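A.B. asks: The structure's right below; bear with me while I get my questions together.
Quick note: the coordinates plus some simple rules give every number you see, no bench work behind them. Every value quoted in this text rests on a predicted model; they were computed, and no experiment measured them. Cβ atoms come from the backbone with ideal geometry, glycine included; neighbour counts cover every protein chain shown.
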Amino acid sequence: MKENYLEAVSLIERLHRLFLEVIKYELEGLKIADINNVQALVLYNLGNEQISIGELTARGCYLGSNVSYNLQKMISNGYIDHAVSKHDKRSCVIKLSAKGAAFRKKLDAVLDRHVATLKTSDSGDVANLIATLKNLEQFWGSATSHRTRFSGSSKKFLR
């Protein structure tokens, strides 16, 4: 079980890095050079909402990246608009600009193409994978939020 657990952790990281590479190649194919793969995912996770930077950071996984730096680049390249929060003058809210919304539509079409290609695989396998990953997320979330060391009680999280 330990080998499988460690292999799964390693695989999750490798898959995320591969997904970033796929997004990089898609951006190159679209001839988009003023946004990188991590920035594209940050922008995509922003969606059509106006949210705080903290909320955005909580939504996605930006491995090894500085979200503040990437947001500044996207603001300077015209993908994101920002303003001081009406509720808290110390924080900033962000939303997609017209350029950002147009880019998000292009990225959404790319992801739709990926999904269409993947539909040929067994959807039950994907559903089982998602359930397993959610269990792992819950397990790790509990371990970090409570700073709990799991012993025999951890079995309830990993079914």
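A.B. asks: Just how far, in whole angstrom, is the range 8-47 from the range 81-129 if you go by their alpha carbon centroids?
C.D. replies: Here the answer is 12 Å between Cα centres.
A.B. asks: If I model the range 2-120 as equal point scatterers sitting on the Cα atoms and use the Debye formula, what is log10 I(q)/I(0) at q = 0.22 Å⁻¹?
C.D. replies: Taken in order of the listed q values, log10 I(q)/I(0) reads -1.30.
A.B. asks: When a footprinting reagent is the concern and you count Cβ atoms within 10 Å, what order do MET74, MET1 take, fewest first?
C.D. replies: Details: MET74 27, MET1 6.
Lowest count first: MET1, MET74.
A.B. asks: Also, I was wondering about something else. With 10 angstrom as the radius, rank LEU6, LEU46 by how many other C-beta atoms surround their C-beta, starting from the fewest.
C.D. replies: Working: LEU6 10, LEU46 24.
With the fewest neighbours first, LEU6, LEU46 line up as LEU6, LEU46.
A.B. asks: What is the sum of charges around ARG104, taking Lys and Arg as +1, Asp and Glu as -1, for the other residues whose C-beta is under 12 Å from the C-beta of ARG104? Write down the numbers at each step before the final one.
C.D. replies: Working: positive: LYS95, LYS99, LYS105, LYS106; negative: GLU49, ASP108.
For residues surrounding ARG104, the net value is +2.
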